[in-house]
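The structure appears below as structure tokens.
Readers should treat all values here as calculations from the given coordinates under stated rules, not as data from a laboratory. Just so it is clear, the structure is predicted and the values come from calculations on it, not from any experiment. Cβ coordinates were reconstructed from backbone atoms using ideal geometry, including for glycine residues, and neighbour counts include every protein chain displayed.
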């Protein structure tokens, strides 16, 4: 029997024997129940201080009595002790999630500011002591920067293809996987020399890494930006130049859409969002917000890099494009894909073979990060 | 994240009318009718009957246009029905009635986030902490936005305030852990991820991140255990699957390049056991397996 129903029936005279109240099958400690009943009576008489005393004793004896906690909340409210009232109502709801009265009182009371309850101090654990020391040390080095500008302090550099997947191969035999690895290693060294941005590589040698593992690396190192380096190719040897891609819901061109569709078909673990009916999922709102923010930031980075390529590379700028690339979508940070030339174009291939040209590409990317 | 007001509802027989009159009623005109409608609306809301709840609260605000609670409930209900513009207007109405109603500002902020309006959302959450310097929700969202902007110092400052105002929220500990993690404060990150799991043991994102802390600090087996724990909770957790696949492939490649072909094959097989479509593991098993 629900405790409140019991009280209701009691008020309607359904139970007349006090002896029945003490019935052990009801599962209450006799004195806790008596005290709660006394508390209820005192609330009705508006003697809130005494009600609080009785109800505090009731919940001490029976800490599982949601009914007593609910009453305690009411008694505190009678004295305008909102923080204490909310704490008691919250405990009532924890013990009995269907205690809708207590839930409603929390909602009404917390619509506006309420004072804070004092906290009990506990002795620190070893990890807590270490954390305090670490925080003191780190905050000496870090300084707060207000404003909502995006900050890049660590980058994951992805050398496209590798191992059994050579990527595109030029007329003279230049392999995309070799150029991308060389560019990635050079960029990594450059950033290490400059010391402002930490960088990490998805691969350091000639081996294959699945697409999914590349963004896993970015997530592994809490990267602020994921840069995937590729060299373009086309069946027609004419096209040349550089272009930059980023992830977006809609493709910027039919060609970009085709490329993205091809890449997306290989992955199976994307969890589709299942909307719960009659519920506003705040964390889902935050997730979507973060994703859109990252994509829009990716667009900004893409523009900045492409601008550098246009100014610093002897290559035609083919602009910025976007599509729903799975490899970029899985990244939990802004992510871009660079296509620094066409290996299928004989002139571009010849330039890509030259170390000096590769240095120019690395310089343009590093400056784009600055 | 605790957001008040989403599960509202009451059963009439439990209501103490006098208290409700005190809290809900902004005018004495038709107070009894208004409160009856509010009780009714809240009851329908709790039972999931959104249409009837909306109808009750709409009638209530007709009788008492300044009733903040009824407008806030309507905002939540419209939101649940995906009528976000109407929801926004209800919260704006409350904010106009009372500039201290932090609940309305909170939802205005959240709905701005939903629209992708970061600066407006930020402004709303800032208003909340100006009105109520103890608002865990206000600090939580501000800290979260700073996290999204990769500004861990500011994120830590705000999320610590959120945690100190209300330490019972798993999401607050998790996002604070992420901010510490992003600032390379590993002990703090670990502490907060652990607190996340104390509150919600099934918080797989925290398990996965702890895995990377272990892995990046050389405790590779402990890292694997973390991701396996995640898979026990959710066998399809894509992060745990792909993390394991990546590290098994890394182990395999390391073993292979040091001449341990047998060990390498064992790890590639482990990759395939959890990620059967893994192209790298498939290729290398095909190439180097079966005594080839």
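Quick one: plug the Kirkwood hydrodynamic radius of chain A (C-alpha pairs) into Stokes-Einstein at 4 °C, 1.567 mPa s, and report D in µm²/s.
Reported coefficient: 50 µm²/s.
Given R0 = 51 Å, the distance between the Cβ atoms of residue A:120 and residue B:262 translates into a calculated FRET efficiency of 0.35. Which of rounded, prolate, oblate describes region A:63-218, given a ≥ b ≥ c as roots of the alpha-carbon gyration tensor eigenvalues and a/c under 1.5 marking rounded, otherwise prolate only if a/b is larger than b/c? Prolate, since a/c reaches 1.5 and a/b exceeds b/c. Going by neighbour counts of Cβ atoms within 10 Å, the residues A:353, A:283 line up, fewest first, as A:283, A:353.
Which of the three applies to region B:127-251, rounded, prolate or oblate, going by the alpha-carbon gyration tensor with a ≥ b ≥ c and a/c under 1.5 meaning rounded? Prolate is the answer for region B:127-251, as a/c is 1.5 or above and a/b outweighs b/c. Working from Cα pairs under 8 Å separated by at least six residues, relative contact order for chain A is 16 percent.
Note on the protein assembly as shown: the C-alpha convex hull projects to 34.8 nm² when averaged across all orientations.
To the nearest 0.05, what FRET efficiency results for residue A:56 and residue A:139 with a Förster distance of 51 Å applied to their C-beta separation? Efficiency, from the Cβ-Cβ distance: 0.80. Among beta bridges from DSSP that stay inside the protein assembly as shown, the antiparallel ones total about 25%. Taking A:130, A:249, A:107 in turn, the Gaussian network model of chain A (Cα-Cα springs below 10 Å) assigns the largest fluctuation to A:107.
Cut-off 10 angstrom, C-alpha nodes, Gaussian network model of chain A. Which of A:358, A:190, A:103 fluctuates the most? Maximum fluctuation in the GNM of chain A, among the listed residues, is at A:103. Counting only other chain Cβ atoms within 10 Å of each residue's Cβ, the peptide A:155-167 averages 1. Between B:255, B:42, B:60, the residue with the greatest mean-square fluctuation in the GNM of chain B (Cα pairs under 10 Å linked by springs) is B:255. Inter-chain Cβ neighbour count for B:140-152, averaged per residue, equals 5 (cutoff 10 Å, partner chain atoms only).
Once C-alpha pairs closer than 8 Å and six or more residues apart are averaged by separation and normalised to the residue number of chain B, the relative contact order reads 8 percent.
By other beta-carbon atoms within 10 Å, ranking B:232, B:205 with the fewest at the front produces B:232, B:205. Helix A:176-194 and the long axis of chain A differ in direction by around 70°, with both axes built from C-alpha atoms. Is the shape of region B:116-196 best called rounded, prolate or oblate, per the rule: a/c under 1.5 gives rounded, else a/b larger than b/c gives prolate, else oblate, with a ≥ b ≥ c the square roots of the Cα gyration tensor eigenvalues? Oblate, because a/c is 1.5 or more while a/b does not exceed b/c.
Once you average over the residues of B:233-241, how many Cβ atoms of partner chains fall within 10 Å of each Cβ?
On the way: counts 0, 1, 0, 3, 2, 8, 6, 0, 4.
The per-residue average across the peptide is 3.
Going from the residue with the fewest nearby Cβ atoms within 10 Å to the one with the most, A:182, B:254 rank B:254, A:182. Against chain B, whose longest principal axis comes from its Cα atoms, helix B:68-80 is set at around 40 degrees. Highest average first, the peptides B:162-170, B:256-264, A:66-74 ordered by how many other beta carbon atoms sit within 10 Å of their residues are A:66-74, B:162-170, B:256-264.
Between helix B:31-47 and chain B there is an angle of about 20 degrees, using the helix long axis and the longest principal axis of the Cα atoms.
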